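One structure below.
The values are calculated or read from the model by the stated rules, or taken from the named source; none is laboratory data. Since the structure is predicted, the reported quantities are computational estimates derived from the model, not experimental observations. Positions of Cβ are generated from backbone atoms using ideal geometry, with glycine treated the same way; all protein chains shown enter the neighbour counts. Surface accessibility is based on the protein's heavy atoms, side chains included, excluding ligands, DNA and RNA. Shrake-Rupley method; radii C 1.70, N 1.55, O 1.52, S 1.80 Å.
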Amino acid sequence: GQAYYWDDKLVIGGGVRRDTLESLNRGDFRDPSSGQLEVSNDPTLGGYQSIGGNTVSLGAVLHVVKGFDLIADRSTNFTLPNPNTITLNGQGVGGPGSVEYQPAPHGTGSEWGFAINLADNRLYFKAVHFQNSATNNFDYPGYYTPYATNNVIMQAHLGAGLINQATENAHDTSSYAVYLYNETDSGEEYSLVANPTRHWRIQANFSVNNPDETGVMANDIAFWNNVKKYYATPPQSNNIVTFLGDTVGQEIFATDANIALLTSVEGVGVIGFRKYKGNVFTRYDFSTGPLKGIFVGGGYIWQSKMLIAQPIPSILEYSGTYSNGNGLIGYTFKVAHHPASVQLNVSNIFNKIAPIIYRRNTVSGMGGTFPTAAEFPNPRAYQLTVEYKY
């Protein structure tokens, strides 16, 4: 819906959306005589999930004077989780009591600022402050996760005769699980669109972000602390060899190290994010003279240093700044009274191909520091496009 007040000087708009998901997991079992995998009617092997939520938005624009507006909006959002995706709930020491369906991610966002529109739309500038928060975000923890390591160790205990099959079954967490975390962000965004002449256009953007993560793997850590106590109940030996070829002690160490890595910057930032980002792009079309029909353009991107690790408390490690450029040149003409054009685009003009490190492992005892996530930029590239309209 939308409403107008004060001779259209105030415009208010809003909307609401409802999403629901019902999921029935029948579960499966392997026939003991034939070995065939079959769908089960046993409700304890599957599960039913019903979840729903609303997305609500509300915004307003106040035309203070000609060419100057105040703007504000606020929204809440809801995302349906992947059906049958499992998370650890932090309770128990394995088995059905330790897992649950993934809760739905929720978020809120708001912004307020102003916009300036001058010279018959030839200059438009917008500046806003924003605040966002999200709960129950999820990610995949990779190798050496509490739910997976728990199974490996329980099977090792079974193989060593420390527990029986019934105990191993009771503490199994074989369902694939994701870990949860919350995230907040605040900052400013500035955007400029200018048309100094009818054939010249400039666009520029700049933003400041202050993201942070909290509650990273909170349920997984609680679960892990519980099961590590349970491992000591039978006469546990760190030297028991698992089916992966390592020992129980090595499994525990590697899982502790993975948790330390995934939570290493909690409360101080987000791995892979840059605080400052800016870009500018311009294009000019020649309309008269010997260059009539030719157009040229180019852009430049700059981003500040990126957080990649916190090797020790209060010491943050960053990768370098990032910058690059692109350009284009083209020509418009007509063929049999139909418009046509040819355009050459060049990306990565400066041919910057050094790897960009997104995360570095600095956990003690993992063999020193080394990159665990990196991107190798594509080299300079050319793209030729020919267009004919008929």
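Give 292/352; 126/292; 126/277 a once-over and call out the pairs whose C-alpha atoms are over 25 Å from each other.
292/352; 126/292
Taking 0.36 nm per residue of sequence separation and subtracting the Cα-Cα distance, how much length would be gained by fully extending the chain between residue 169 and residue 225, in nm to one decimal?
18.2 nm
Describe numerically, in nm with one decimal, the distance between label points set 7 Å from Cα along Cα→Cβ at residue 21 and at residue 238.
Computed distance between label sites residue 21 and residue 238 equals 4.1 nm.
Only sites in a loop by DSSP and with at most 10 other Cβ atoms within 10 Å count here; which chymotrypsin sites (Phe, Trp or Tyr not before Pro) in region 1-107 make the cut?
When the chymotrypsin sites (Phe, Trp or Tyr not before Pro) of region 1-107 are filtered for loop state and at most 10 Cβ neighbours within 10 Å, 6 remain.
Which whole-number percent gives the relative contact order of the chain, counting Cα pairs below 8 Å spaced six or more residues apart?
The value is 10 percent.
Given 20 Å bins starting at zero, what is the percent of C-alpha pairs of the chain in each, up to the one with the largest pair distance?
19, 41, 30, 10, 0
Using 7 Å Cα-to-Cβ label points, what is the residue 329/residue 76 separation (nm, one decimal)?
Roughly 5.6 nm, to one decimal.
Are there trypsin sites (Lys or Arg not before Pro) in region 162-245 that DSSP marks as loop and that have at most 14 other Cβ atoms within 10 Å, and which are they?
198
At 0.36 nm per residue, minus the direct Cα-Cα distance, what do residue 353 and residue 373 gain on full extension? Give it in nm, one decimal, please.
Going from the current span to full extension adds 5.6 nm.
Within 12 Å, Cβ to Cβ, of residue 48, how many net charges do the neighbouring residues add up to if Lys/Arg are +1 and Asp/Glu are -1?
For residues surrounding residue 48, the net value is 0.
Largest first, please: the extent of the C-alpha atoms of region 58-128 along each principal axis, to the nearest Å.
Here the Cα extents, ordered largest to smallest, are 68, 18, 16 Å.
Describe numerically, in nm with one decimal, the distance between label points set 7 Å from Cα along Cα→Cβ at residue 50 and at residue 257.
Result: 4.7 nm between the two label points.
Using a Gaussian network model of the chain whose springs link C-alpha atoms within less than 10 Å, name the residue from 170, 218, 60 with the highest mean-square fluctuation.
Maximum fluctuation in the GNM of the chain, among the listed residues, is at 170.
How large a share of the accessible area of region 1-107, in percent, is made up of carbon and sulfur atoms when the probe is 1.4 Å and the other protein chains stay in place?
55 percent
Compare the peptides 242-254, 138-150, 287-299 by average per-residue count of other Cβ atoms within 10 angstrom and give them in order, highest first.
138-150, 242-254, 287-299
Taking all pairs of distinct Cα atoms, average 1/r, flip it, and tell me the Kirkwood hydrodynamic radius of region 127-192 in Å to one decimal place.
In region 127-192 this quantity evaluates to 15.4 Å.
Kirkwood hydrodynamic radius (Cα pairs, Å) of region 176-329?
The answer is 20.4 Å.
Loop-only check: which trypsin sites (Lys or Arg not before Pro) in region 297-390 are DSSP coil with at most 16 other Cβ within 10 angstrom?
305, 352, 380, 389
Once fully extended, how much extra length lies between residue 133 and residue 41, figured as 0.36 nm per residue of separation less the alpha-carbon to alpha-carbon distance?
Gain on stretching residue 133 to residue 41: 29.0 nm.
For region 294-368, count the residues as N, evaluate 2.2 N^0.38 Å, and divide the Cα radius of gyration by that value, please.
1.92
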